[in-house]
Every structure is written in C-alpha cells, then in structure tokens.
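> Below is a structure I'd like to ask you about.
Just so it is clear, none of the values below were taken in a lab; they were calculated from the coordinates. Because the structure is a prediction, the values reported are computed rather than measured. Glycine also receives a Cβ, built like all others from the backbone with ideal geometry; neighbour counts cover every protein chain displayed.
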Number of protein chains: 4
Amino acid sequence: MAPIVSDEYKEKKKRHILESALKAFGEKGFQLATIDDIVAESGLSKGAIYNYFKSKEEIYLQLMQMRTEQNIAKLKRSFLERGTAKEKLHQFFKNYAEIELSQKWQKMIGVHLEFWIHSGRDEELKKVMTDRYDDVYQVLLVEIIEEGIRQNEFNKETDPSLISSMVWGTIDGICLHYSVIGRNYPYQEQIRALEEMIFMYLEKGGSA
Amino acid sequence: MAPIVSDEYKEKKKRHILESALKAFGEKGFQLATIDDIVAESGLSKGAIYNYFKSKEEIYLQLMQMRTEQNIAKLKRSFLERGTAKEKLHQFFKNYAEIELSQKWQKMIGVHLEFWIHSGRDEELKKVMTDRYDDVYQVLLVEIIEEGIRQNEFNKETDPSLISSMVWGTIDGICLHYSVIGRNYPYQEQIRALEEMIFMYLEKGGSA
Amino acid sequence: MAPIVSDEYKEKKKRHILESALKAFGEKGFQLATIDDIVAESGLSKGAIYNYFKSKEEIYLQLMQMRTEQNIAKLKRSFLERGTAKEKLHQFFKNYAEIELSQKWQKMIGVHLEFWIHSGRDEELKKVMTDRYDDVYQVLLVEIIEEGIRQNEFNKETDPSLISSMVWGTIDGICLHYSVIGRNYPYQEQIRALEEMIFMYLEKGGSA
Amino acid sequence: MAPIVSDEYKEKKKRHILESALKAFGEKGFQLATIDDIVAESGLSKGAIYNYFKSKEEIYLQLMQMRTEQNIAKLKRSFLERGTAKEKLHQFFKNYAEIELSQKWQKMIGVHLEFWIHSGRDEELKKVMTDRYDDVYQVLLVEIIEEGIRQNEFNKETDPSLISSMVWGTIDGICLHYSVIGRNYPYQEQIRALEEMIFMYLEKGGSA
DNA sequence: AATGAATGAGGGTTCATTCAT
DNA sequence: GATGAATGAACCCTCATTCAT
C-alpha cells in the first residue's frame, strides 16, 4: 500500500524541525535549549519531533551535518566558474564578505562554534570533525593555492597547507568575535584586510 | 570579634575552588559539569563551596574573571622591559608561541571560548566582555602599533585598530582550532606565520 | 450492504494479532511490550490492530481468554475417551508431562503467570479468574476424584477439593519454576513424581 | 570531620524506602507503581530516594535481596534447635503454615512472584536467582532429607533433590494461588496436606 | 479497512541549591 | 565555617491512542 506521506513530506518536516532547533539553540545554546523550546518554535508536538529524531543530541548532530553540507555546497558552487587561482581566492573572500550580517546569522555562528567545542570533548565526534576539516575545508584552499603556485601567480616558497590553515583559523576567529560582539564588530573590514594580507603574503612571499 | 579565618585563607580557598572548577568545566563543559564534579575535584564539601560562591554561575564568572586578570597581568608584565614597538610586538607573539601545549591548556581554551559564546547570549555579560575587549585587549596592541607608527617603525597608512582586531581574531581562531584538533594542529607554526604576516603588513603597508 | 470481509476473515486476523501479542508479551512482559512490538511481530499496522481491539489491555484480556479456552478444550478432549477415574487422572498428568518444553512454551507460561498476578490486583478481573478456577479447573479434577471414590478406586476419606487444589497449585508451581529456570529444571520428573505422590495419597488415604 | 548522619540512620532510611516501595509495588505491580507512589508512601522527596538508590530497578533488586535474606535467615533460625530430620521438616512446614495471612502478605507474594518472572527475562538476573535457588533453597531441604535417609527416618530410595524441588514448587504454587484468590483460598489446609503427602512419600517410599 | 504521523500526559532521573546539625 | 542529606522544579523521552487520508 502506498505510504501515507511522501518522503518529500518527511524530508520537509525534518528540515522544519532542524530549522526550529537552530533557532532554539541559537537563543540559548544547545544545553539550555529544551525540547519544549523546539516544540514551541516548530509548532509541532513533542512526540512528532521524536518521530523524526531519536534524541536531542541527534537533532544537534543532524543540524550541524546539514548546515555543513549546505556550506560546502555553496563554497564549491562559487568556484564552478573557471578562472585563475587569484580569481578563485578572491571569490572565496568575497563570499565571506558578502554574508548578510543578520542577528540570525550571528546566532548561528554561536551554535556552530559551540558545536565545534563540544566535539572536541568527544573522541568519536572529534574524529569526524577533524577529518572533515582536513578533507574538505583544508583541501579546498590548498588546491587553489597549489594551482596558483603552478601558474606562477603565487610565490613558490609559500606553504599552501599553512596558509590555508591560517585563513580558516582567522575566519573562524573573526566569526567568533562577530558572534559575541555583533553589530559593532567590523566584520567586513576584517575579511577585506585578511584578503589583502593573504594576497600580499602569497605574492611577495611569506616564509621566504 | 576577630574573624575566625584570615582573608588570606579565604582567598586561597576560593582560588582552590576556582581551579577545581576549571578542571571540571574543561572536562565536560560548563553546563555538563556538576557541582558534584567540583566537589570531587576539590575535595571540599558542597556546603563549603556554597560558602564561597553563591551559585554555579558565579563560580563560572569569577573563574573567567580571575583568568582574564592573570592573562592581562602576564601580557603587561612582558612589556615592562622597555624596547621598540617592534620588539614589544615580537615579544607579544613570542608569548603566544611559547605557551606550553599541554592537554590541560587545550581544555582551558575550550572553557574560555565556551564562555565567550555564552556571554554573547546575555546582554549584561556581553557588555562586560566587549568593554573589556575594547579597553584592555584592543588597547594593548593599538598602543604598540601607534607607537610604532610614531617612531616610523610601521607604515603610516595602517589602521591600528583594524590590525589589532585582526591579530586577536586570528589568535582566537588558532586557539579554537587547536582546542578541537589538539596535538596534530600546527599551533606554533601558525603563530609564527601570523607574526610574519602581520609584520609584513605593518612594514610594507596594508590598505595602501 | 454486505460486509466487505467475512467474519471468518476477521476472526483469523484477530487470532493472528493475539498470537503476535503473545510473542511480544512473552519476550518482555505485558507492561514492557509495546504496541509497536506487536506491530513488528504481526506485520500489521497500528491502525489495523486498533480496528480489532480497543486497547492494549483488551488484547491482553482476549489473549488470555483465548488461551484459557484452548487449554480447557484440550483438557476436556483428552477425557472424552471413556475410562476409569484412575485412567482419566493418569491421562491428565500425561498431558502435562508430554508438553513440549520449547522456549516458546516457557515464555508463554511467564505471560500466563504474570496475568494471574495482574488479575489479583483488579477486583473485577479477580472475580472472573477465581470463578473460572472454581467452575472449570477445580470441577474438572474434583469430578474425577469423586468418581474414583464412588467406584472405590480412591480412598473414601480424601477431600476431593483439597486434592484438586493441591494438584493445580503444584502444577502451577512447577510451571513457575520451569518458566524461570528453563532447560535445567526437571519438569517432567516433577510431573511424574507429583502423579506418583497424588496416587499414593489417593489410594492409601490422606487425611485419614 | 564526623559524618553528619550515622550509617545506622542511613540504613534505617534505606529500609524505610524499601518498605514503602514494597507497599507501592504490592498495590500496582513494579511497572505500574511510580516513583511518585513511593514518594507518597514514604513521605520523602523524590531526590531523597535517589540519594539512596540509583534507579527504580535498583530499589526493586535490593528490596527482593533484602526480603530473600530475611526469609533465609528466618528459615535457618528455625532449625538451630537440634532435632531429628523429621522434626526439622515438620518445623519447616509449620513455619509456612503459621504465616499470618494478612492482605499485606498476600500482596508481597505478588511482588515476589512478579520478580521471579521478571528475572526469567533477564539472563544476568536469572543466573543470580537460579544460583540462589540451587545453593540456598534446594540445599536447605536436601540436607534435611539426606540426614533423614542416613538416620533411617526416610526411605532410602527417595531422591532428595526431586523431593526438595517438589516441595518448593508446591509451596510457590500454593502461594501463587493464595496471592490471587486471597481469603477464600484454603492456604493452611494446603500446606498441611502437602506436609502429610510429603511425609507419606518419604516414609513409605516414592519412586520405589 | 488500513495506514502511520501526530498527540501529549506521564514517567524516571538529574542536579543546583538549601539548611539542620 | 563545614557538612552532606534533602528538596523539587525541570528535563528528556516513551508510548497508548487517535484520526485525517
């Protein structure tokens, strides 16, 4: 017999729950946000939520998973358009500079960073996160930088992995500060300055 | 009547509790660590702890307060020795590069960052934190950079506040990554590369 | 309009549900077994089950009802063949001795005993059960024993009701032990020893 | 520093909780009785109960443990007075015959039997229970019977283990029936008849 | 008749905080 | 000052039952 609701319906509902959870977690943090907060936010019943996720922790994990995937997809999409390594790197920073600095986004960052710290306290989760960091985030920039070196756009002496790591660290640091300080934080100037600094470093040669 | 125990005794006991709390928070995070964890760590009784602090939150706040003060004191101490702005800035990075990368320190960072995020969710706390950031941390570097500009060590065009903000953001980002990834993270190389990059920027001129 | 499905079909489905429930209850006990366990066991949907039974409790009651009826029918059937009281009583014990000691049967006993205790906590149910005990189980043995007394097979002094009660109690006790201990319990030897003892008592005269 | 309350105080409180639990379990059965029932029965707070026991299940286990120990102690005590095997066995049945048939006792039996069945569904628990059955309950009667055989009080041909098993099975069966049926069940007559039957069997020779 | 998503009361458990000793 | 037993609000999760499709 045909299923009562489509997979699509269920997927939509899951997403709705995850988005409600994101709001709730953003407001109070994962630990302090209660299932009842998610209930209130989503308009669903407690039981309904447990029909889709088996625990609050699972909601957290899947939420972060989903957002990471969206993030990565967005990053990769922005590089489809061919171009030089320089252009790609510029595009990368442009993506970050253009993020809409809503309060919602500010809260989301808090949730992400909190999750990052959380995962540092759980061996299993930590492995997932560091693997993802190495295999996805690091690789993304390393490849661009290596391409730039091959094409003589960037200085041969630079260490792509070190630069990539620096960029990601700085971006996370900037986000961290923005997440706490909010509107008064010169987020966009920071991103721009970072770009400038990195390009200077890549062109004139760091660690030379 | 004379106090039964000296203030010094009380101060020592408070510090002992705060240090025990730091261990407990480092292990599980603030929310998950329980008063009983602190009891176990400190060897004191529950009642004793509540004689010195009126709530778990207060322990958290005072712990962070204490550590911030220690931090700042340490930073300032390292600049007492006179020197050029360059030397001071170099000393600044050297401080960070030389931090002992123990597991204990890794956990402490987690607690600090968690607190940072936590404070972003509470208006009152947030004000304390951003004020402290502006008045202490920012000022520290801004003053050095301004001094360097006055002494023609650094390029006139640079924006001291922006650079300072960038440095702090990057340091926090590097710490964040180290806190999650741990041993495998090239913490010291990152700090060194950051120094190099910042000096290059300050000397050859960013935003020029 | 004619019924869409025959009564026979419905009866079959009900029996299927009851049998699935028996398995589920046997595995975890009535309280711990969930409707979802019955759903999984039966392959039907939750709604389907509630079309046939109005509650979990009702499934329990009807299951026990059904099994009691089967039990009684089986017992009575084995006495249809004429014979002396002795022969009948021997047949009675033989029935019990020959029960296949499967794990399934072991679990079923658990369900029955659990129900027995359950019913002791509900006045209404208790009345049903004790009436059934008096009117069916007791009567069954009492009649045989009385017949044996009339035919001078058994000692006149024996109290049929007391003996019957003893036999049922002992059988239940043996089943109880078997249900917990399982394979290692000398079930059949116990039944045989019980028979021997009862016959000795009935012939040489108990309570004389 | 001296403990705030004595071990004795704590032991007393534990016993109080266990007794309250026994009442609650007796009323509704283990599963249906809630912690709140125990709270209501005991007059303590929920937290207090969890200071002494880590879960409802543990209360159940310790309750049964305690009662078993009391039971065994009582049984053994009644044999301290020397005597022939016959006298000891008689004393054994007398103990059971003289039990006060209060409603409270009736309910207790229900809890015990329920626990017995419960343990049949948990491998670990089952091992504890069957070991205890073998090492304590069986041994108790087997030793008396063997002594009786050695002293020529009982028939040489009897199988002590089988008889013991039969006695315990029957006693449990009688208790089971009493627990459901209550006042109207001829408990004492049953115990007396059992004694008579067993003695007849032991003296004139069963399985001969 | 059948389906299974939705409901929400209710249960076990935790833990910051209090306070009698 | 110190102790740790007691408190109870609050939380996560379960599951019998309902009902729109």
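> Treat each spin label as a single point 7 Å out from the Cα along the C-beta direction, and report the C:Glu196 to B:Ala73 distance in nm.
Each label point lies 7 Å from its Cα, and together they span 8.9 nm.
> Helix-only mean residue ellipticity at 222 nm, the protein assembly as shown, DSSP H runs n ≥ 4 weighted -39,500 (n - 2.57), per residue, nearest 500. What is it?
Helix-only estimate at 222 nm: -23500 deg cm²/dmol.
> Could I ask something else about it? With an 8 Å Cα cut-off and a minimum separation of 6 or more residues, compute the relative contact order for region B:1-115 in percent.
Once divided by the residue count of region B:1-115, the mean separation gives 33 percent.
> Shape verdict for region A:28-75, please, from the Cα gyration tensor: rounded (a/c under 1.5), prolate (a/b greater than b/c) or oblate.
Here region A:28-75 falls in the prolate category.
> Could I ask something else about it? Take region A:1-46, drop everything but the C-alpha atoms, weight them equally and run the Debye formula without solvent; then report log10 I(q)/I(0) at 0.26 Å⁻¹ to two decimals.
-0.86
> Over its Cα atoms, what ratio of radius of gyration to 2.2 N^0.38 Å does the protein assembly as shown give?
After normalising by residue count via 2.2 N^0.38 Å, the value is 1.40.
> When the Karplus curve 6.51 cos²θ - 1.76 cosθ + 1.60 is applied with θ = phi - 60°, which whole-Hz ³J(HN,Hα) does each residue of region C:100-114 get, with x for Gly and Pro?
Each residue's phi maps through the Karplus curve to give 6, 8, 7, 4, 4, 5, 4, 5, 4, 4, x, 4, 5, 5, 4 Hz.
> Closest beta-carbon to the D-to-A rotation axis: which chain D residue owns it, and what is the separation in whole Å?
D:Ser55, 10
> Of the candidates C:Gly26, C:Gly47, C:Gly120, which one comes out as most mobile in a Gaussian network treatment of chain C with C-alpha springs shorter than 10 Å?
Among C:Gly26, C:Gly47, C:Gly120, the largest mean-square fluctuation in the Gaussian network model of chain C belongs to C:Gly47.
> Still on this model: What is the order of C:Thr68, A:Thr158, fewest Cβ neighbours within 10 Å to most?
So the ranking, lowest neighbour count to highest, is C:Thr68, A:Thr158.
> Could I ask something else about it? Work out the P(r) tail for chain A: percent of alpha carbon pairs separated by more than 29 Å, whole number.
Result: 36 percent of Cα pairs exceed 29 Å.
> If you average the C-alpha positions of region B:146-208 and of region D:164-204 separately, how far apart do those two centres end up, in angstrom?
89
> Points 7 angstrom from Cα along the Cβ direction at B:Ala40 and A:Lys28: gap in nanometres?
With each label point 7 Å from Cα toward Cβ, the separation is 2.6 nm.
> Also, quick follow-up: Would you grab the residues whose amide H sits under 5 Å from the one on A:Leu32? Only those 5+ places off in sequence or on another chain, please, with H modelled 1.01 Å from N.
none
> What is the sum of charges around C:Ile174, taking Lys and Arg as +1, Asp and Glu as -1, for the other residues whose C-beta is under 13 Å from the C-beta of C:Ile174?
Charge balance near C:Ile174 sits at -3.
> Report the trypsin sites (Lys or Arg not before Pro) located in region A:8-76 that are in a DSSP loop and have at most 15 other Cβ atoms inside 10 Å of their Cβ, or state none.
The qualifying sites are A:Lys54.
> What are the residues whose amide H is under 5 Å from the amide H of B:Ile99, where those residues sit 5 or more places off or on another chain and H is modelled from the backbone?
It is none; the list stays empty.
> Turning to a different aspect of this structure: Need the list of lysines near D:Lys156 for cross-linking: C-alpha distance under 16 angstrom, and skip anything on the same chain fewer than eight residues off.
D:Lys86, D:Lys204
> Mind sorting C:Ser119, C:Ser45 by how few other Cβ atoms lie within 10 Å of their own Cβ, fewest first?
The order, fewest Cβ neighbours first, is C:Ser45, C:Ser119.
> In whole angstrom, how far apart do the alpha carbon centroids of region C:1-59 and region D:50-82 sit?
A separation of 40 Å, based on Cα centres.
> Report, for C:Met66, each distance to the same residue's label point in the other copies, shortest first and in nm; define the point 7 Å along Cα→Cβ.
Label-point distances to the other copies, shortest first: 4.2, 4.2, 6.8 nm.
> Got the D:Glu8 label distances to the other copies yet, label 7 Å along Cα→Cβ, in nm, shortest first?
Copy-to-copy label distances at D:Glu8, shortest first: 4.5, 7.7, 7.8 nm.
> Quote the relative contact order of chain C in percent (integer), defining contacts as alpha-carbon pairs under 8 Å separated by 6+ residues.
Answer for chain C is 21 percent.
> Under a no-solvent Debye model with one identical scatterer per Cα of region D:124-208, what's log10 I(q)/I(0) at q = 0.10, 0.11, 0.21 Å⁻¹?
Those come out to -0.30, -0.37, -1.00, one per q.
> How about region A:63-102: which GluC sites (Glu not before Pro) there lie in a loop by DSSP and see at most 12 other Cβ atoms within 10 Å?
Counting only loop positions with at most 12 other Cβ atoms within 10 Å, the GluC sites (Glu not before Pro) in region A:63-102 are A:Glu81, A:Glu98, A:Glu100.
> Who wins for biggest fluctuation among B:Glu123, B:Glu157, B:Glu196 in a Gaussian network model of chain B, springs between alpha carbons below 10 Å?
B:Glu123
> Only counting other Cβ atoms within 10 Å, I'd like D:Leu80, B:Leu22 sorted with the fewest neighbours first.
Arranged by neighbour count, lowest to highest, D:Leu80, B:Leu22 become D:Leu80, B:Leu22.
> Using only alpha carbon pairs under 8 Å that are at least six residues apart, calculate the relative contact order of region A:1-63 and give it in whole percent.
RCO, region A:1-63: 35 percent.
> So, in nm, how far is label D:Arg183 from label B:Glu8 when the simple model puts each one 7 Å beyond its Cα toward the Cβ?
Taking the simple label geometry, D:Arg183 and B:Glu8 are separated by 7.9 nm.
> Got a sec to turn the phi values of region A:25-34 into Karplus ³J(HN,Hα) couplings, 6.51 cos²θ - 1.76 cosθ + 1.60 with θ = phi - 60°, whole Hz, x for Gly and Pro?
Along region A:25-34, the couplings run 5, x, 5, 10, x, 4, 5, 7, 5, 9 Hz.
> Sorted from shortest, what are the nm distances separating the label point of C:Ile35 from equivalent points in the other copies, each placed 7 Å from Cα along Cα to C-beta?
Computed spacing set for this position: 1.8, 2.6, 4.2 nm.
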